[in-house]
1. Of Thr63, Thr30, which residue is among the polar types (S, T, N, Q) and either assigned to a loop (DSSP other than H, G, I, E, B) or within 14 Å of the chain's Cα centre (by Cα) (or both)?
2. Could you identify the single residue in Ala56, Ala70 that is within 17 Å of Arg127 (Cα to Cα) and without any contact (Cβ under 8 Å) to a residue 40 or more places away in the chain?
3. On the given criteria, is Val60 buried (at least 16 other Cβ atoms within 10 Å of the Cβ), in contact with a helix residue (DSSP H, G or I) (Cβ under 8 Å, 6 or more places away or on another chain) and within 11 Å of Ala115 (Cα to Cα)?
4. So Ala31 clears everything in (1) farther than 18 Å from Gly122 by Cβ; (2) touching a helix residue (DSSP H, G or I) at 6+ places or on another chain (Cβ under 6 Å) except one condition, right? Which one?
5. Quick test of your reading of the structure: Thr43 fulfils all but one of (1) among the β-branched types (Val, Ile, Thr); (2) over 20 Å from the mean Cα position of the chain (by Cα); (3) part of a helix (DSSP H, G or I). Name the failing condition by number.
Amino acid sequence: MDLRRPRAGEWVAAVSGAALLVSLFLPWYTAGTDDATAWQALTVTDVLLALAAVFAATLVPITASQRTAAVPIASSALVSLAGVIAVLLVLLGAANLPDGADGREWALWLALAAALGIAGGGWLAMRDERLSPPPPDIEPMPAPRPE
C-alpha cells in the first residue's frame, strides 16, 4: 500500500465521506428546545447516507493498494454516483422536515457540503487518469541493444 498514489480527488472524496458520516451524529433538526440527529429523525435515508460516506472513505485505500489506474477510476465513478445520490437525499431532507421538527440545524448543511464534496471528489478522481509516479527507488532502464 502506497499512500502517494491517491490523487487530490480521492482525498477530497474520502475526507468528505468522513465529514458526512460524522454529520449523521450531529443535530440536523430542532423540535422546540430539542435537537434531533439524522439517526433519530430519518428512517432509511440515514443508512443510505452512511453507506455512501463509507464507500467514499474507502476510495483512498483502494487507490493506494492498486498498481494500475483501472480499479481506482472505476471506483471513483461509482463514488461520484453515490455522491450525487447523497446530494439528492440531503436536499430532500432539507426540503421536507420530519414530523415534529420546526427548524434545520447546522449539521444538515455540513452534510450537504460533504455530499457535494463526495460527488466532486469522485468526479475529479474519475477525470484524472494518470498513473501515480513510480517509487523513487525504481529507475527506468534502457532496453537492451540487439547485437
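The numbers here are math on the coordinates, done by the rules we state, and not lab data. The structure presented is a predicted model; accordingly, all values stated were derived computationally and were not measured. A quick note on method: Cβ atoms are made from the backbone with ideal geometry, for glycine too, and the neighbour counts reach across all protein chains shown.
1. Values: Thr30 fails: either assigned to a loop (DSSP other than H, G, I, E, B) or within 14 Å of the chain's Cα centre (by Cα) (or both).
Result: Thr63 is the single residue among Thr63, Thr30 that is among the polar types (S, T, N, Q) and either assigned to a loop (DSSP other than H, G, I, E, B) or within 14 Å of the chain's Cα centre (by Cα) (or both).
2. Going through Ala56, Ala70 in turn, the sole match is Ala70.
3. no
4. (2)
5. Answer for Thr43: the failing condition is (3).
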